[in-house]
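Q: Sharing a structure below in structure tokens format, with a few things to ask.
The values are calculated or read from the model by the stated rules, or taken from the named source; none is laboratory data. If you're wondering where the values come from, they're calculated on a predicted model, not measured in any experiment. Cβ sites come from the backbone with ideal geometry, for glycine too, and all protein chains shown count toward neighbours. We work out accessible area using only protein heavy atoms, side chains counted, and drop any ligands, DNA or RNA first. Shrake-Rupley method; radii C 1.70, N 1.55, O 1.52, S 1.80 Å.
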Amino acid sequence: MPYFAIKALHVIGFVCWFAGLFYIVRLFIYHIEAQGRPDGERRILQNQFLIMQRRLWYGITWPAMLITLIFGIWLLIEYNQWQLTWIYIKLGLVVVLVSYHLICGHIYQSIRAQSCTWTPARLRLWNEVATLLLVSIVFVAVYKNALSAFGALLGIFAFALLLLVAIRLYARLRYRP
């Protein structure tokens, strides 16, 4: 299979994986927030959210992760990019991303078991971890060898700090009377 086809499938998987990760955490937030609703409404909402979560998790998010990883590994092996520094930074971020994915799976299972201890505010913050990973992975992949390991880490840290400031400002505006 030609290089561009493999790369395109890797990028398509990546886009779908992130779409699933962003949306699943939003569904977790809505599910937890529904607990404050009257009993009948709460049951209807939470049952619907469980259906949506299951379909998204197993129908989109997991398959997209597998497609991303399979075609990413294929690119690495087929086009021998192991000697490049940027690939190790990207692989480190991918390990963090897979860990994020697995933690989302744990949250999903705890919601299904009605034992979730995550608050909506904590889940909103958790959702921003995916944003940080998305931006970091894309910048590392685009800038490739133009970035040093130190420069990449500095950029990730700066963006994380900027993201935290934006979250705090948004929280103040959101809860302002």
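Q: Leaving ligands and nucleic acids out of the surface, order Tyr170, Tyr108 by accessible area at 1.4 Å, largest first.
A: Values: Tyr170 135, Tyr108 0 Å².
Largest accessible area first, the residues go Tyr170, Tyr108.
Q: Another question, then. Using just the alpha carbons, could you tell me how many Å³ per residue the convex hull of region 1-40 encloses?
A: About 50 Å³ per residue, rounded to a whole number.
Q: Can you put Thr117, Thr68 in order of accessible area, largest first, using a 1.4 Å probe? Walk me through the numbers on the way to the answer.
A: On the way: Thr117 110, Thr68 5 Å².
In descending accessible area the options line up as Thr117, Thr68.
Q: Taking only complete DSSP H runs, can you tell me which helices of the chain stretch 20 Å or more along their own long axis by Cα positions and average at least 1.0 on the Kyte-Doolittle scale? Display every interim value, and only then the final one.
A: Numbers: long enough: 3-33 (45 Å, 1.44); 39-56 (25 Å, -0.79); 62-78 (24 Å, 1.86); 85-112 (41 Å, 1.10); 120-143 (35 Å, 1.31); 149-174 (37 Å, 1.82).
For the chain, where a helix must reach 20 Å along its axis and average at least 1.0, the hits are 3-33, 62-78, 85-112, 120-143, 149-174.
Q: While we're looking at this one, here's another question. Whenever you get a sec, line up Phe139, Phe49 from highest to lowest accessible area (probe 1.4 Å, protein heavy atoms). Don't skip to the answer; put the middle values down first.
A: Details: Phe139 110, Phe49 30 Å².
Highest to lowest solvent-accessible surface, that is Phe139, Phe49.
Q: How many nm is it between the label spots at Asn47 and Leu163, if each spot is 7 Å from the Cα in line with the beta carbon?
A: It is 3.7 nm.
Q: Using a probe of 1.4 angstrom, how much of the accessible area of the chain is carbon and sulfur, in percent? Numbers along the way, then the final one.
A: Numbers: 7440 of 10690 Å².
Looking at the chain in its full context, I get 70 percent from C and S.
Q: Ok, one more. How large is the dipole of region 21-177 about the Cα centre if only Lys and Arg carry +1 and Asp and Glu carry -1, each at its Cβ, rounded to the nearest 20 debye? Provide the component values of the computation, followed by the final result.
A: On the way: 15 positive and 5 negative charges, 106 e Å.
Here region 21-177 has a charge dipole of around 500 debye.
Q: Explain nothing, just the number: relative contact order of the chain, from Cα pairs under 8 Å at least 6 residues apart, as a whole percent. Show your work: numbers first, answer last.
A: Details: 129 pairs, mean separation 52.8, N = 177.
Worked out over the chain, it gives 30 percent.
Q: I would also like to ask the following. Could you tell me what % of all Cα pairs in region 51-152 have separations over 18 Å? Spell out each step's value before the answer.
A: Working: 2945 of 5151 pairs.
Of all Cα-Cα distances in region 51-152, 57 percent exceed 18 Å.
Q: Rounded to the nearest 500, what is the chain's calculated 222 nm mean residue ellipticity when only DSSP H runs of at least 4 contribute -39500 (n - 2.57) each, over all residues?
A: On the way: 6 runs with 144 residues, N = 177.
It lands at -28500 deg cm²/dmol.
Q: For region 53-80 and region 22-41, write down the distance between their C-alpha centroids in whole Å.
A: The distance from the Cα centre of region 53-80 to that of region 22-41 comes to 28 Å.
Q: Ok, one more. May I ask you to derive the FRET efficiency for Leu173 and Asn80 from their Cβ-Cβ distance with R0 = 45 Å, giving the value to the nearest 0.05? Please report the intermediate quantities before stating the final value.
A: On the way: r = 49 Å, r/R0 = 1.10.
Plugging the Cβ-Cβ distance into 1/(1 + (r/R0)^6) gives 0.35.
Q: Can you pull out the chymotrypsin sites (Phe, Trp or Tyr not before Pro) in region 51-101 whose DSSP state is coil and whose Cβ has at most 14 other Cβ atoms within 10 Å? Before the final figure, lay out each step's value.
A: Values: sites: Trp57, Tyr58, Phe71, Trp74, Tyr79, Trp82, Trp86, Tyr88, Tyr100; in loops: Tyr79, Trp82.
Listed in order of number, the matching sites are Tyr79, Trp82.
Q: Can you give the accessible area of His31, probe radius 1.4 Å, in Å² rounded to 10?
A: His31 exposes around 10 Å² with every protein chain in place.
Q: For the pair Ala141/Val98, report the inter-label distance in nm, with labels modelled 7 Å from Cα in the Cβ direction.
A: 1.6
Q: Follow-up. For Rg/Rh (Cα atoms, Kirkwood Rh), which listed value, (i) 1.03; (ii) 1.28; (iii) 1.41, comes from the coordinates shown?
A: Of the labelled values, this structure produces (i).
Q: Ok, one more. Regarding region 1-77, what whole-number volume in Å³ per residue does the convex hull of its Cα atoms give?
A: Details: hull volume 4.8 nm³, N = 77.
Cα convex hull per residue, to the nearest whole number: 62 Å³.
Q: Quantify how much of the Cα-Cα distance distribution of region 95-158 extends past 13 Å, in percent. List each step's numbers first, then the result.
A: Working: 1412 of 2016 pairs.
For region 95-158, the share of Cα pairs beyond 13 Å comes to 70 percent.
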